[in-house]
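Below you'll find the structure, written out as structure tokens, and then a few comments.
The values are calculated or read from the model by the stated rules, or taken from the named source; none is laboratory data. What you are looking at is a predicted structure, and each value in this text was computed from that prediction instead of being measured. Ideal geometry is used to build each Cβ from the backbone, glycine not excepted, and the neighbour counts take in all protein chains shown. For accessibility, only protein heavy atoms count, side chains too; no ligands or nucleic acids. Shrake-Rupley method; radii C 1.70, N 1.55, O 1.52, S 1.80 Å.
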Amino acid sequence: MSIRRVSGLDLLLAGGWRFYRQHPGQLLLTIAGIALGVATVVAIDLAAHSARQAFDATTQLLRGQATHYLERPGGYINESVLGELRRQWRLPASVPVLERSLRFARQPGRSVTMLATDPLAATRLNTGLGNTESTSARPTLELMAEPGSVLLTNALARELDVGAGDQLALIEPADVMRLTVAGLLPAEEGARFVVADLATAQRLFGRPGELSRIDLQVPTAQEARLATAMASRGLRLQTVAQRLGQFDGMTRSFRINLQALSLLALLVGAFLVYSTVSFTVVRRRATFGLLRALGASRPLIYAQVVLEALCLAAVGCLLGVLFGGVLGAGLVDLVSRTIGDLYLRSAVDKFGWSAFAVFKAVGVASAACLLAAFLPAREASQTTPHSGMQRASLERRRLKQLPLQVGGACACGLGGALVLANTSALEYAFAGIFLVLVAAALLTPALLIVMTQAVAAVGDRADGFWLAYAARSLAASLSRTGPSAAALMIAVAAFTGIGVMIGSFRASVDDWLNYSVDADVLIRVPTALNPSESEEFWARLTTLEGLAGATLSRRTALPDGDGLAGLLAIQSHPQAGRWPKSETPRDQILAQLSSGDTIIVSEPLAQKRGLAVGDQLNLLTPGGTVAFTVAAQFIDYTSELGLAAMDLSVYRRHFADQRIDTVSLHAERGQSEALLADARTALADFAGVQVADAGLLRGFVLQIFDRTFTITEVLRTIAGLVAVMAIFNALQAQRLETRRETGLLRAGGLTARSVTAISLLQTGLLGLGAGLVALPVGLTLAWLLIFVVNRLAFGWSMMFLPQPGVLLQSLVLATAAGIAAGWWPARAQVSQPPAVDLRAA
Amino acid sequence: MMRQPPVVVFARLLATLAVLIWVTTAVSQSERPPLTELSDVLGSAAGLEGYKRALLPGEIQLPRDHGPHPDYQSEWWYFTGNLETEDDAEFGFQLTFFRYATRAPGPTPANAWESPQIYMAHFAITDIAGDEHRVVQRFARPAGEVAGARSEPFAVWLDDWSAESLSEDFLPQRLRAHDAATDIALDLILRDGKPAVLQGDAGLSAKGPDAGNASWYYSKTRMPADGTLRFGAHEHAVRGLVWLDREWGTSALGDYATGWDWVGLQLQDGRDLMLYQLRDATGAALPESSGSLVDAQGVRRALTDSDFTMHPLDYWTSPATGTRWPTAWRIDVPNAGLELYAEAAVADQEQALAILYWEGSVNVLDGRGGERVGRGYLEMTGYEPDSP
Amino acid sequence: MPRQDTSLQLRSVTKRYDGTGNRDILREVNLTIAAGDYLAVVGRSGSGKSTLLNLLGGLDRPTTGSVCFGNRDLATLDDPELSAYRRSQLGFVFQRANLVPTLSVLENLQVPLRLNGVPARQARSRSRALLAQAELGELEGRLPEELSGGEQQRVAILRAVVHAPSIVIADEPTGNLDLDTATRTLDLLEHFGRQPGRSLIMATHSREVIGRTQRVIEIRAGRVTHAQ
């Protein structure tokens, strides 16, 4: 395209800008739509980025020059391992760490992370513990000498309004001791945690002898040997970089789902752009015709429309990034807390900008807008010069396009289905879903026409003249309102789909919980239980009142090489238990597990390692490599890294580890409360033993789930908002179209009330129609998210529950929004004399 | 063989411990801790109430007392030795395990980290031919079995440094230490030589005039040893004689003592001589100074401050700390007919650790003829430039 | 200097619209308009005047026959060439909706110039000069909706000639105007529309217009007859 051909573009754009200024509602709605979409993408990315930094910051403070971390996944390390590392492995730079969360009485709603270590040992790694501002010259020594003394980060001290020398009361763990602030620790802005000596922490949490991890320096030459030796005991050795990667792995499910939803929000925004740009093209048909008559070439007109869309996108992106920052900052807390609940305790509230996230969002949004503007721009450029074409013939042309749209819809739908059926890559799955949604959007005008014809027919038969009129009028104006109706449909479909997905997830988790937490009382057995104590302990257990049976379990890392997955060694009570949840019958599983070197694997593990029933999984034991046969797959949602399970006696035989982590007690019918109470009393004097009500625990997990999905609810609300915007958009277009018609009717004597009623009928029908189309689309979307995306990403199988409540919500939303959107313009219209309407072009 | 008032030692130790932590964590320089900090903290050093005290002589029982005494405030196992390789290259070594209690014994702690004990260890090797001295210091708390001591069978350890009996008997035992950063390592088997010698009054060693101001003190003055030693790139097979000083107690000190000098000499005629001299501000020996002379059969003769004299003859000034250390001494024990010179085998065996002191291998020369009549170890404290 | 042939020729042109009962609006029309002709096209409402003008301006294609500008059949031109033809050779005045509603008077004038590649500053000054020449300078910044019908038409006329086209086509330019305004408008059109070598073709009802033109052609029943 030579410059000569494109010359005059600025003039055209000036005209376009004035046009948008004359339709501020459209302008604002579209920019808002883009902004919301961009904001969602940016917010989610930034919140996840901040959470990652938070994770890093917590470990960074104590990390110093450590090169590795040693931990027992999902459990605690006994501190005797520290002695082993120092003495047998000759690694003097080994530092113990205990990390737990607590809550201060001053701030009951928020939890704070406590990092406890040996300050003496910490000097070996040159950690950041040295930087304290304190009146005393020896704050770290005080930590050791004075039980209960702690250091607070600056930010936390400010939050709690305390300084050196003040005391702090705790509500969690319940009032064991008061803490004294020995000094302040300058740390990253937003970092809020407490540093204490291990003596304080172990006493506070009732965990004598237990550590969360050991930070160490390992020379490269020793690394492999140490890792193997530790893995055979269920301990995982990771480099610093690996641990950060582990964070990514752990939170991948969380992040992917959130990102999928944010992209959906952006898609809805893009549809809004499409509908607005379509509308403006349609409104300016005469102008485009004039320009073409004056000799403006097709590419010039095309460029004008596309550039207008890009300008909208630019403003929308700018606002979206700003709003996304605000939203993200608010989400950081939510995301951090959720990740903290689900995986680990993060300690930084700092919200950090990531240029990458912003550029990505802007890039995707711009591409989406370009794509959205493509069709309207093409239509504009195809305008016949000074078309004397009447609207009716235009409608006829539209109708001719209808088969094309339906054809296109089928093509997209087929393409999408093909992609989804044949792909194992997440990105392609998203692309497939996109195609399916586009197909649905293309079908929407055709479906709406069919629906309105049906309503018109009903109106005719039932002698409802105005109903039929409203329906027909709606159908006739679909050339103008089609794109907006599609946008509305997509938004409502997203609203529905997300709602069904969340509901299905929750139901699946709830159901699975009944299998995996299948006991009445859970008892946590401390690692430091003496042999002498332990005899007494087991004796007391067996004599508890109301006990039907017990399940014993031990959790470590899976010694299969990288030790990332978990291993559960379990002796499940055959009658009283229900674990595991699997397609294979439970009796069969239990029988196979106890009959030899067999193992069952969770779905994510099976997917990751490509394990089918009958395959072999090699595990490294102290006695060498042993091949375990996979007997079945089971459902487990605790980790996407995977979980394997074997019989406890088989485990003991191979791994020389006699410890038990958890005893699950099953009560006789109706005896669960008695069992709980008896357990509490009988085991009260064993240090570190914790007795928990399993029912409460299940409830707690669901609470965490709900909190996790608060974020998706936020997204869902945004989708709903965009839906409402889309419908306003659509109805604005529709109103302008029928204005003249309404003017004629009013001039002919129709009352204002009737005009309003007709308007509401039309807009209500539009909303209802779009809503009805959105329901199956939303259900399909949910189905795809559950069965394709999550299954691809993590291998989980979930139930699909199309909850009627959600469906009803969506219909009500669409229809109510439609009526509401029709109300105000109708009122505005009837407040002016009919002549105004008649003059309308 | 930290001579004298474990009190001074301990108080200073605790103080410098604190300062050390402060210093190493604030900036990573190896400066000497400023004395103002020391004296500040000295004033607030932990009190001596509640600990067990050495009161009446005769309570030492071996082999039980080889192990730790946690009710006393401080304690050490002090190994020093002179070794030579097959090619007669000579080395000296020191491996000391210290135990300190940061507060008086009380109720059973809820967890191992609440233990009031802190362990410190110094490990040094002197390459005499190479005129080089390397030393490492470590601290640890006994939790996680990282550091500790026990008796029957005997062992004391901190990280991978340890002295451990090979059977139910105290000896033979294995001494091991290793540090990758300074690249020194030691692995010796110690065998029984002379019987253990109780110092002071049947093991009760007074530090001052007040009752209870004393420690329990015994030594194994001559244990034949052989094994391997590593210094830098080279590893050597070595053999020689090792001296162990064992002391534990709870004691305080008057301000009149500035420092002390201690020697443990192993003579070729089979005799072992231990002398410590507590000095006042003028450099004169205080009446608490004392010593022991152990004959070839292991019979001990106690020496009081009037039985011996120690005079510095030559000095060496440390470029690192500016301290002027006496590195050559004239030692006379008239009633035993001993006129000796003790000369530092290497001048710079200064150790600027939690405490600033000089601990090193010395050659023992005949006072008249000048020929070498033995080897030993010399320890000196209290020579800081601005000390009184 | 070889002059470009700016004559228009219609040869056996027939135009039929679908969906209107297969009626031929124009039948076998043969017409030649030489450079510099001043022509009026008359006929009853719906007789096909506008259609004829659209065909001449390349805004529409004949069902059969050819429309030639110079020697080139417009039907052989692709869209870019056709656009080029329209913007450089033609100036169009429609019956109404002549101006881009969202551009000011001055901006509307600049459109043909800018489309032809004239730099912005020059286009502005030329447009301003033209407005001044027509004594319409004070309308410069106004939007079309702020102008009366007559003012709109006059601006449209200026817009049709600002880029010195070789053919000016006006479709009932005075159709909705009162007598005085119509006269003024017509004067303006003739003043600017009639330049040496420039053809001016008008579709009209007005007797006065007919009186002023050189040629008059009449369309009756889809056929063209020449009068005078």
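Tabulated data
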{"read-out": "Within region A:167-186, considering residues that are open to solvent by 40 Å² or more (accessible area, probe 1.4 Å) and at pLDDT below 85, the one farthest from the other protein chains (Cβ to nearest Cβ)", "value": "A:ILE171"}
{"read-out": "Residue within region A:654-668 that is on the phi < 0 side of the Ramachandran plot, over 29 Å from the mean Cα position of the chain (by Cα) and part of a helix (DSSP H, G or I) present", "value": "yes"}
{"read-out": "Restricting region B:162-188 to residues that are of a type in the set (S, T, N, Q) and within 13 Å of chain A (Cβ to nearest Cβ), the residue that is farthest from B:GLU359 (Cα to Cα)", "value": "B:SER162"}
{"read-out": "Any hit, region A:651-666, residues being farther than 24 Å from A:ASP511 by Cα, at pLDDT 90 or above and not basic (Lys, Arg)", "value": "yes"}
{"read-out": "Selected residue [touching a residue at least 24 places away in the same chain (Cβ under 8 Å), away from every other protein chain (no Cβ under 14 Å) and open to solvent by 10 Å² or more (accessible area, probe 1.4 Å)] from A:VAL268, A:VAL315, A:VAL277", "value": "A:VAL315"}
{"read-out": "Failed criterion for A:ALA454 (all others in (1) of a type in the set (Gly, Ala, Ser); (2) at pLDDT below 80; (3) surrounded by fewer than 17 Cβ atoms within 10 Å (Cβ to Cβ) hold)", "value": "(2)"}
{"read-out": "For A:LEU605: the one exception among (1) hydrophobic (A, V, I, L, M, F, W, C); (2) within 35 Å of the chain's Cα centre (by Cα); (3) assigned to a strand (DSSP E or B)", "value": "(3)"}
{"read-out": "Verdict on A:ALA747 being surrounded by fewer than 18 Cβ atoms within 10 Å (Cβ to Cβ) and either assigned by TED's automatic domain parsing to the domain that holds A:GLY269 or touching a helix residue (DSSP H, G or I) at 6+ places or on another chain (Cβ under 7 Å) (or both)", "value": "yes"}
{"read-out": "Residues of region B:162-173 classified as touching a residue at least 24 places away in the same chain (Cβ under 8 Å) and among the charged types (D, E, K, R), total", "value": "1"}
{"read-out": "Restricting region A:630-660 to residues that are among the polar types (S, T, N, Q) and within 19 Å of A:LEU513 (Cα to Cα), the residue that is least open to solvent (accessible area, probe 1.4 Å)", "value": "A:SER639"}
{"read-out": "Verdict on A:LEU237 being modelled with pLDDT of 75 or more and either among the β-branched types (Val, Ile, Thr) or surrounded by fewer than 24 Cβ atoms within 10 Å (Cβ to Cβ) (or both)", "value": "yes"}
{"read-out": "Residue list for region B:114-161, filter: within 13 Å of chain A (Cβ to nearest Cβ), among the small types (Gly, Ala, Ser) and open to solvent by 20 Å² or more (accessible area, probe 1.4 Å)", "value": "B:SER115"}
{"read-out": "Residue list for region C:213-228, restricted to those being in contact (Cβ under 8 Å) with a residue 60 or more places away in the chain and not in a strand (DSSP E or B)", "value": "C:THR213, C:GLN214, C:ALA221, C:GLY222"}
{"read-out": "Yes/no for A:ALA612 being assigned to a loop (DSSP other than H, G, I, E, B), modelled with pLDDT of 90 or more and either among the hydrophobic types (A, V, I, L, M, F, W, C) or in contact with a Phe, Trp or Tyr (Cβ under 6 Å, 6 or more places away or on another chain) (or both)", "value": "yes"}
{"read-out": "When residues of region A:66-117 are limited to those that are among the polar types (S, T, N, Q) and surrounded by fewer than 24 Cβ atoms within 10 Å (Cβ to Cβ), the one farthest from B:LEU175 (Cα to Cα)", "value": "A:GLN107"}
{"read-out": "Candidates A:ALA645, A:ALA631, A:ALA627 - the one that is in contact with a strand residue (DSSP E or B) (Cβ under 7 Å, 6 or more places away or on another chain) and touching a residue at least 60 places away in the same chain (Cβ under 8 Å)", "value": "A:ALA645"}
{"read-out": "Sole exception among (1) touching a residue at least 60 places away in the same chain (Cβ under 8 Å); (2) touching a helix residue (DSSP H, G or I) at 6+ places or on another chain (Cβ under 6 Å) for B:LEU293, by number", "value": "(1)"}
{"read-out": "Segments classed as helices (runs of 4 or more DSSP H), wholly inside region A:743-841, with at least 3 members that are polar (S, T, N, Q)", "value": "A:752-784, A:804-830"}
{"read-out": "Count - residues of region C:73-110 that are within 22 Å of A:PRO299 (Cβ to Cβ), more than 8 Å from chain A (Cβ to nearest Cβ) and open to solvent by 10 Å² or more (accessible area, probe 1.4 Å)", "value": "8"}
{"read-out": "Search result, residues across region C:111-140 that are within 14 Å of chain A (Cβ to nearest Cβ) and over 28 Å from C:GLU172 (Cβ atoms)", "value": "C:GLY117, C:VAL118, C:PRO119, C:ALA120, C:ARG121, C:GLN122, C:ALA123, C:ARG124"}
{"read-out": "Segments classed as helices (runs of 4 or more DSSP H), wholly inside region A:448-547, with at least 3 members that are of a type in the set (Val, Ile, Thr)", "value": "A:478-516"}
{"read-out": "Candidate set: region C:34-69, residues that are of a type in the set (Val, Ile, Thr) and buried (at least 21 other Cβ atoms within 10 Å of the Cβ); chosen: the one farthest from the other protein chains (Cβ to nearest Cβ)", "value": "C:VAL42"}
{"read-out": "Lone qualifier among B:ALA180, B:ALA89 - being closer than 24 Å to A:LEU85 by Cβ and of a type in the set (Gly, Ala, Ser)", "value": "B:ALA180"}
{"read-out": "Conditions (1) farther than 24 Å from A:SER797 by Cβ; (2) open to solvent by less than 30 Å² (accessible area, probe 1.4 Å); number of the one not met by A:HIS573", "value": "(2)"}
{"read-out": "Flag if C:PRO196 is assigned to a loop (DSSP other than H, G, I, E, B), touching a strand residue (DSSP E or B) at 6+ places or on another chain (Cβ under 8 Å) and either open to solvent by 20 Å² or more (accessible area, probe 1.4 Å) or of a type outside the set (Val, Ile, Thr) (or both)", "value": "no"}
{"read-out": "Every pair of residues 6+ apart whose Cβ atoms lie under 6 Å, when the first sits in region A:582-611 and is more than 17 Å from A:GLY642 (Cβ to Cβ) while the second is crowded, with 21+ Cβ neighbours inside 10 Å and of a type in the set (Asp, Glu)", "value": "A:LEU593/A:ASP647; A:SER594/A:ASP647"}
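A quick yes/no check of all residues on (1) over 21 Å from A:ALA293 (Cβ atoms); (2) in contact with a helix residue (DSSP H, G or I) (Cβ under 7 Å, 6 or more places away or on another chain); (3) of a type in the set (A, V, I, L, M, F, W, C):
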residue	(1), (2), (3)
C:ALA134	yes, yes, yes
C:ALA160	no, no, yes
C:VAL168	no, yes, yes
C:GLY222	yes, no, no
